[in-house]
Amino acid sequence: MENRCGAMIERGEVAEVTPEGYRVKSYDRDGVTTGVLPTAGGKTFAIGEKVYFFMFPDGKGLVLAAF
């Protein structure tokens, strides 16, 4: 499916925690891992935690919440 509208909310798993944010491995797009993304409202997550996130084509985005 081609995304022409900016970004979609996706499901994924936290793959890495850095001082700047989180890298998330997408559940729905095989082989896709985000760059480092900040969180909504300063939330914190652990490696392996299941999260909702979005990422625009330029690589910018946000980790929204755990599920």
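A few comments on the model shown:
- Accessible surface of segment 16-67 [probe 1.4 Å, protein heavy atoms]: carbon and sulfur percent: 56 percent
- Length gained on full extension, residue 15 to residue 43: 8.5 nm, using 0.36 nm per residue less the C-alpha separation.
- Only the Cβ atoms of Lys and Arg (+1) and of Asp and Glu (-1) were treated as charged; on that basis the dipole of segment 18-67 about its Cα centre amounts to roughly 60 debye.
- Accessible area, probe 1.4 Å, largest first, for residues 10, 20, 49: 20, 49, 10
- Heavy-atom accessible area order for 32, 17, largest first, 1.4 Å probe: 17, 32
- With all protein chains modelled, accessible area of residue 50 [1.4 Å, Å²]: 100 Å²
- Averaged per residue, the chain has 65 square angstrom of accessible surface, using a 1.4 angstrom probe with ligands and nucleic acids left out.
The values are calculated or read from the model by the stated rules, or taken from the named source; none is laboratory data. These figures come from a predicted structure and were not determined experimentally. Note: ideal-geometry Cβ built from the backbone for every residue, glycine included; neighbour counts use all protein chains shown. To get the accessible areas, we keep the full protein, side chains included, count just its heavy atoms, and leave off ligands, DNA and RNA. Shrake-Rupley method; radii C 1.70, N 1.55, O 1.52, S 1.80 Å.
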